[in-house]
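Comments concern the structure below.
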Amino acid sequence: MDKQDKIYVAGHTGLVGSAIYRHLRACGYDNIVTRSHAELDLTNQPAVHAFLEAERPDYVLLCAAKVGGILANSTYPAQFIYENLAIQTNVIDAAMRVGVDRLLFLGSSCIYPRDCPQPISEDYLLSGPLEFTNRPYAIAKIAGIEMCWAYNREYDTRYLAVMPTNLYGPGDNYDLATSHVLPALIRKMHEAKEANADAVVVWGKGTPKREFLYSDDLADAVLHLMNLPEDQFSAICASSNQPPLINIGCGEDLSIRELAELVREIIGFKGKIVWDTTKPDGTPRKLLNVTRLSELGWQAKTALREGIEMAYRDYLATLSDASINSR
């Protein structure tokens, strides 16, 4: 991507989109197009087509999505499948119609079967049953991958789908009703510490294993992929034998129990952790095979402890900002 090229970041206020937006700015990309949800509802097909027709960006980074943890996915399954299908369908189709050069679609590692061999390679897509608790969201994201692949084959587009592992970092969602495990642990441990509580309750048995990637590392990987030479990028997108799919992760995981202990240590909560085994655990393990990405010349830079420390500072800053705004 040249510095003067027009780049549309869909979902620039979310965890992923904001990280990508910051990284683009830091790397000297100034011609960035954004719209808030109030300005553009991506589930509105005519509005999306009119917007992209007017702006005609060279590149599209499709980060916009409805996301959440186990509780949110279980409570709002219809919203998760409808909104994600609508957003990605509208943006991908409109991008093709206005001649976008390269598009990158952000998915999720939950697209892979619940009981996948580990680490999970891109080839395992559609090889077994999905985890029930996030099945509607996963199916929507799988449809996005298939749509990118189908458009590449029929319309000669160059649309790439990337599947990041569990993400965290600045701008994360700390609402306990809709957040993912790591931001939820940060908030729970902090509030327990402030209240001098004896214990923190965490869902499940703590045995599932998860991989975590700092959001700024993801942004760096996205720019690395979007800046691949023409022959490499086209080869990924032009294959008729496999979808244009690349995993993004760090290649290491740990148990939720180990994660909770690490967060407790970083935050300084002295109480105990109580495991509510009546609540679901989700997929037993999700460790991505990142060989394909490594062979393209990228690897993660931020260690988990360092990343959680930075995320905790960001969380404290959000509390400070909320306190100032409430005065």
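The values are calculated or read from the model by the stated rules, or taken from the named source; none is laboratory data. Here the structure is a predicted model, which means the values were calculated and not measured. For neighbour counting, all protein chains shown are included, and Cβ atoms are generated from backbone atoms with ideal geometry for every residue, glycine included.
Of a type in the set (D, E, K, R) and part of a helix (DSSP H, G or I), is that true of Arg35?
no
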Problem set entry | The listed residue being among the charged types (D, E, K, R), at positive phi and surrounded by fewer than 22 Cβ atoms within 10 Å (Cβ to Cβ), out of Asp115, Asp175, Asp123, Asp156 | Asp156
Exercise. When you scan the range 74-121, how many residues do you find that are farther than 24 Å from Thr13 by Cα, of a type in the set (D, E, K, R), in a loop (DSSP other than H, G, I, E, B) and more than 19 Å from the chain's Cα centre (by Cα)?
Worked result: 1
Exercise. Of the residues in the range 8-50, how many are buried (at least 16 other Cβ atoms within 10 Å of the Cβ), of a type outside the set (Ser, Thr, Tyr) and within 18 Å of Asp216 (Cα to Cα)?
Worked result: 14
For this session: Would you check which residues across the range 286-320 are within 23 Å of Pro113 (Cα to Cα) and crowded, with 19+ Cβ neighbours inside 10 Å and list them?
Result: Lys286, Leu287, Leu288, Asn289, Val290, Leu293
For this session: Return yes or no: is Asn73 polar (S, T, N, Q), buried (at least 21 other Cβ atoms within 10 Å of the Cβ) and either at pLDDT below 95 or more than 30 Å from Gln232 (Cβ to Cβ) (or both)?
Result: yes
Problem set entry | Residue, farthest from Thr302 (Cα to Cα), within the range 134-159, restricted to residues that are part of a helix (DSSP H, G or I) and of a type in the set (D, E, K, R) | Glu154
For this session: May I ask you to say which residue of Pro280, Pro243 is at pLDDT 95 or above, over 28 Å from Met310 (Cβ atoms) and either surrounded by 15 or more Cβ atoms within 10 Å (Cβ to Cβ) or out of contact with any Phe, Trp or Tyr (no Cβ under 6 Å at 6 or more places or on another chain) (or both)?
Result: Pro243
Problem set entry | Hits in the range 38-73 - residues which are more than 23 Å from the chain's Cα centre (by Cα) and assigned to a loop (DSSP other than H, G, I, E, B) | Arg56
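Here is a yes/no grid of residues against (1) surrounded by 19 or more Cβ atoms within 10 Å (Cβ to Cβ); (2) in contact with a Phe, Trp or Tyr (Cβ under 9 Å, 6 or more places away or on another chain); (3) in contact (Cβ under 8 Å) with a residue 40 or more places away in the chain:
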| site | (1), (2), (3) |
| --- | --- |
| Gly169 | yes, yes, yes |
| Val181 | yes, yes, yes |
| Ile186 | yes, yes, yes |
| Met189 | yes, yes, yes |
| Asn196 | no, no, no |
| Val202 | yes, yes, yes |
| Lys209 | no, no, yes |
| Phe212 | yes, yes, yes |
| Ser215 | yes, yes, yes |
Problem set entry | Number of the exception - Tyr76 against (1) aromatic (Phe, Trp, Tyr); (2) without any contact (Cβ under 8 Å) to a residue 40 or more places away in the chain; (3) in contact with a strand residue (DSSP E or B) (Cβ under 7 Å, 6 or more places away or on another chain) | (3)
Problem set entry | Those residues of the range 212-244 which are over 16 Å from the mean Cα position of the chain (by Cα), not hydroxyl-bearing (Ser, Thr, Tyr) and not in a helix (DSSP H, G or I), in sequence order | Asn227, Leu228, Pro229, Asn241, Gln242, Pro243, Pro244
For this session: Within the range 292-322, track down each residue that is closer than 30 Å to Pro229 by Cα and acidic (Asp, Glu).
Result: Glu295
For this session: May I ask you to verify whether Val162 is farther than 30 Å from Glu230 by Cα, touching a residue at least 60 places away in the same chain (Cβ under 8 Å) and part of a strand (DSSP E or B)?
Result: no
Seminar exercise, completed: Of the residues in the range 194-209, those that are within 29 Å of the chain's Cα centre (by Cα) and outside any loop (DSSP other than H, G, I, E, B) come to Val200, Val201, Val202, Trp203, Lys209
Seminar exercise, completed: A careful count of residues in the range 174-201 that are of a type in the set (Val, Ile, Thr) and under 12 Å from Lys270 (Cβ atoms) gives 1
